[in-house]
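For reference, the structure is listed below as structure tokens.
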Amino acid sequence: MPRKPTVIAVLPPIPVTDYERKRRALQYQAHAAEGVTVDVRLLQGGPALTDREYELFWSTGFMILEAEAAAREGAAAILIDCTADPGIIPITEAVDIPVVGALRAAVHLALQLGGKFSILALDSDWARMIGDQLQFYGLRDRAASIETVGTHVYNPRRGRVMNKAESRKFYLSLLKAGRQAAAAGADSVILGSTTIIEGAAELEKDLGIPVIAPGIAALKTAELMLAMGIRASRHAYPSPVIPYGREMAKLLRRG
């Protein structure tokens, strides 16, 4: 009898468009281990973009609901598909399966590669939010710099993926920021968004230092935790006293 695939649920912080959901699923699946199926989930609501803490706050509730739904449906692990790691604490408390944040996975991987890393944030707002999260993790002083790229990969108003010219322009912006990171003393570079996966190998070759795609770092961390049979400690992340997500899901269904 064939084995059921191991499902890793990927939680974007926004209700992504259909084309973007498929794009992310294909990219993650291309890097998944044999027997692992990637399920990019669609949130029931929330802001279309999360470029402020305010927007991340409102998206977190919907991410918790979707994480709980994924766990009930048999997902083996949860991947938070955002470099701000929104909701990582309440989601880890909510489910009994591994929960991996993209930023957390990437920075800990970077520390296996050298003493200092830099992050290529999409813009100044993301540089600030990522810096705050690094401070929360106690790793802000391990960042040689947080550089800004100046543009985004995903834009729901565009209604499509980048064309060839747009992709090349974006890559050159990444390369410029990466060179600034290397000049600042970075031993490795972390791409500042989980939307950036393609081009990492080319960027690494051009920079001459390791380049980490945070979404793939999170995927591989989730696979490792599953292989080892471990998940977050309940001493650090106790189960909710009041599992309110069930009540909220009922309210949304009534609406």
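Taken one residue at a time, the phi angles of the stretch 18-31 give Karplus couplings (6.51, -1.76, 1.60, θ = phi - 60°) of 4, 5, 6, 4, 5, 4, 5, 4, 5, 5, 5, 4, 5, 9 Hz. Gly and Pro are set to x. Cross-link pairs exceeding 23 Å in C-alpha to C-alpha distance, out of 22/220; 169/205; 116/176; 116/220; 22/250; 4/250, comprise 22/250; 4/250. Relative to its Kirkwood radius, the Cα radius of gyration of the chain gives an Rg/Rh of 0.96.
Full extension of the chain between residue 183 and residue 246 yields a length gain of 17.7 nm, computed as 0.36 nm times the residue separation minus the alpha carbon distance. Relative contact order of the chain: 21 percent, from C-alpha pairs under 8 Å at least 6 residues apart in sequence. For residue 212, the residues whose amide H sits under 5 Å from its own are 189, 190, 191, ignoring neighbours fewer than 5 places away on the same chain, with H placed 1.01 Å from N. Footprinting exposure proxy ranking of 91, 197, fewest other C-beta atoms within 10 angstrom first, gives 197, 91.
Between residue 253 and residue 234, residue separation times 0.36 nm minus the direct Cα-Cα distance comes to 3.8 nm.
Computed from the alpha carbon atoms alone, the convex hull of the stretch 103-213 holds 93 Å³ per residue.
In this structure the amide hydrogen of residue 10, modeled in the peptide plane, comes within under 5 Å of the amide hydrogens of 39, 40, 41, 79, none closer than 5 places in sequence on its chain.
Computed from backbone phi, the HN-Hα couplings of the stretch 232-238 come to 4, 5, 6, 5, 7, 10, x Hz, rounded to whole numbers (Karplus: 6.51 cos²θ - 1.76 cosθ + 1.60, θ = phi - 60°; Gly and Pro given as x).
Only Cα pairs under 8 Å and 6+ residues apart enter the sum, and on that basis the relative contact order of the stretch 103-213 stands at 35 percent. Taking a ≥ b ≥ c as the square roots of the eigenvalues of the Cα gyration tensor, the stretch 179-255 is classed as prolate, since a/c reaches at least 1.5 and a/b is larger than b/c. Its Cα centre serving as origin, the stretch 103-213 has a Cβ charge dipole (Lys and Arg +1, Asp and Glu -1) of approximately 280 debye. 3J(HN,Hα) along the stretch 182-199, derived from phi through the Karplus expression 6.51 cos²θ - 1.76 cosθ + 1.60 where θ = phi - 60°, amounts to 4, 5, 7, x, 6, 8, 8, 10, 10, 5, x, 8, 6, 6, 9, 10, 5, x Hz, with x in place of Gly and Pro. Annotation: amide H of residue 123 within the under-5 Å range of 149, 150, sequence separation 5 or more or interchain, hydrogens built in the peptide plane.
In terms of other Cβ atoms within 10 Å, 248, 129, 228 run from fewest to most in the order 228, 248, 129. The value of relative contact order for the stretch 1-71, using C-alpha pairs under 8 Å at least six residues apart, is 39 percent.
Extension gain for residue 168 to residue 132 (0.36 nm times residue separation, less C-alpha to C-alpha distance): 9.9 nm.
A short reminder: the numbers here are calculations on the coordinates, not readings from a lab. This one's a predicted model, so the numbers in the text were calculated from it and none came from an experiment. Methodologically, a virtual Cβ is constructed for each residue, glycine included, from the backbone with ideal geometry; neighbour enumeration extends over all protein chains shown.
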